[in-house]
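**Q** For reference, the structure I am asking about is given below.
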Amino acid sequence: MLTGIGHERDSTVLDEVANIKFDTPSKVIAGIEQTIGQRVTEVKANFEQVTSRASKAVQSFKAKVSALDVSVRSDAVRHLVQGRQATSELLSNIRIDAMQSIRIASEQSLETLQQVKSEARTQMADARRHVPLFWNQIALDTKHALRAASTRSDTLIGAVSTAARLTVRESAGRAEALMREIAGQGPEKTLSRGFAVVRGQGGKTVTGAAQVVDGGEIQIQFHDGKVQAIADKHI
């Protein structure tokens, strides 16, 4: 509650129970206007802070998703390289074993040589058959890993976007409620409680008797209209 009875030296019961007391009604209005300005400034600052935090959170999650994507791709490339190296080593070992077997068979007999050549051909055929299967398995595992990473990325971005929208919506609701509260404390509410605003010549607000010219015209504004009067300072 705000009071402004009109005499600085007096202290009334209303002044004692009021949240803030002023010397005059016009100072009450000025105090309300100042409070409204402060509340509006606070609302704007809070909204900008929420928006900034939401933007930073989205950027941070995007950076994490990008880093995860790079890591998955790097692992996939590494697996492919390892598969190629393993395949190359397998073929090399098979060739070496075949040559050694042929050399031994050649030293023993023609029949043994023929048998070794046959076994070598069988081993080469098996190797050629196994290599494509191994390569296909590597490619399939890589596709699954990339697809899973993409799904996790989409889910993470969706969760961040939903959280950001909820935060902004809640802040907007609080700001709207605060604006309604501020609007309910305007000058019209003060006038409707029995206070009045006195203005002198030129419409300037009069805050003290010393500002009134004896015999001059003054205007008194009530909640339901204005009244013209002549000042008499001999009362």
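**Q** For the subset of the stretch 195-211 comprising residues that are of a type outside the set (Val, Ile, Thr) and outside any loop (DSSP other than H, G, I, E, B), which member is surrounded by the most Cβ atoms within 10 Å (Cβ to Cβ)?
**A** Here the residue is Arg199.
**Q** Same structure again: Mind checking which residues of the stretch 147-157 are open to solvent by 90 Å² or more (accessible area, probe 1.4 Å) and under 11 Å from Val72 (Cα atoms)?
**A** Answer for the stretch 147-157, where residues must be open to solvent by 90 Å² or more (accessible area, probe 1.4 Å) and under 11 Å from Val72 (Cα atoms): just Arg147.
**Q** Would you point out the residue of the stretch 182-221, among those that are modelled with pLDDT of 80 or more and of a type in the set (Lys, Arg), that is farthest from the chain's Cα centre (by Cα)?
**A** Step by step, filter the stretch 182-221, then rank; the result is Arg199.
**Q** Sticking with this structure for a sec: So which residues in the stretch 222-232 are at pLDDT 85 or above and open to solvent by less than 100 Å² (accessible area, probe 1.4 Å)?
**A** The answer is Phe222, Gly225, Val227, Ala229.
**Q** Can you find even one residue in the stretch 83-104 that is open to solvent by 70 Å² or more (accessible area, probe 1.4 Å), assigned to a helix (DSSP H, G or I) and within 30 Å of Ser150 (Cα to Cα)?
**A** Checked the stretch 83-104: at least one residue is open to solvent by 70 Å² or more (accessible area, probe 1.4 Å), assigned to a helix (DSSP H, G or I) and within 30 Å of Ser150 (Cα to Cα).
**Q** Further question: Determine which single condition His144 fails, assuming it passes every other condition in (1) modelled with pLDDT of 75 or more; (2) open to solvent by 50 Å² or more (accessible area, probe 1.4 Å); (3) in contact with a helix residue (DSSP H, G or I) (Cβ under 9 Å, 6 or more places away or on another chain).
**A** (3)
Results for (1) under 24 Å from Arg73 (Cβ atoms); (2) in contact (Cβ under 8 Å) with a residue 12 or more places away in the chain, shown as yes or no for each residue.
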position: Leu91; (1), (2): no, yes
position: Asp97; (1), (2): no, yes
position: Gln100; (1), (2): no, no
position: Ile104; (1), (2): no, yes
position: Glu111; (1), (2): no, no
position: Gln114; (1), (2): no, no
position: Asn136; (1), (2): yes, no
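**Q** Now for a different question. Is it the case that Ala163 is open to solvent by less than 60 Å² (accessible area, probe 1.4 Å) and free of Cβ contacts under 8 Å to residues at least 24 places away in the same chain?
**A** no
So that you can scan it fast, the table gives a plain yes or no per residue for (1) outside any loop (DSSP other than H, G, I, E, B); (2) open to solvent by 50 Å² or more (accessible area, probe 1.4 Å); (3) modelled with pLDDT of 90 or more; (4) of a type in the set (A, V, I, L, M, F, W, C):
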residue	(1), (2), (3), (4)
Gly6	no, no, no, no
Ser26	yes, no, no, no
Gln34	yes, yes, no, no
Val58	yes, no, yes, yes
Phe61	yes, yes, no, yes
Val65	yes, no, yes, yes
Ala76	yes, no, yes, yes
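The values are calculated or read from the model by the stated rules, or taken from the named source; none is laboratory data. Worth saying up front: this structure is predicted, and the values here are computed from it rather than measured. Methodologically, a virtual Cβ is constructed for each residue, glycine included, from the backbone with ideal geometry; neighbour enumeration extends over all protein chains shown. Remember, those area values only see protein heavy atoms, side chains included, never the ligands or the DNA or RNA. Shrake-Rupley method; radii C 1.70, N 1.55, O 1.52, S 1.80 Å.
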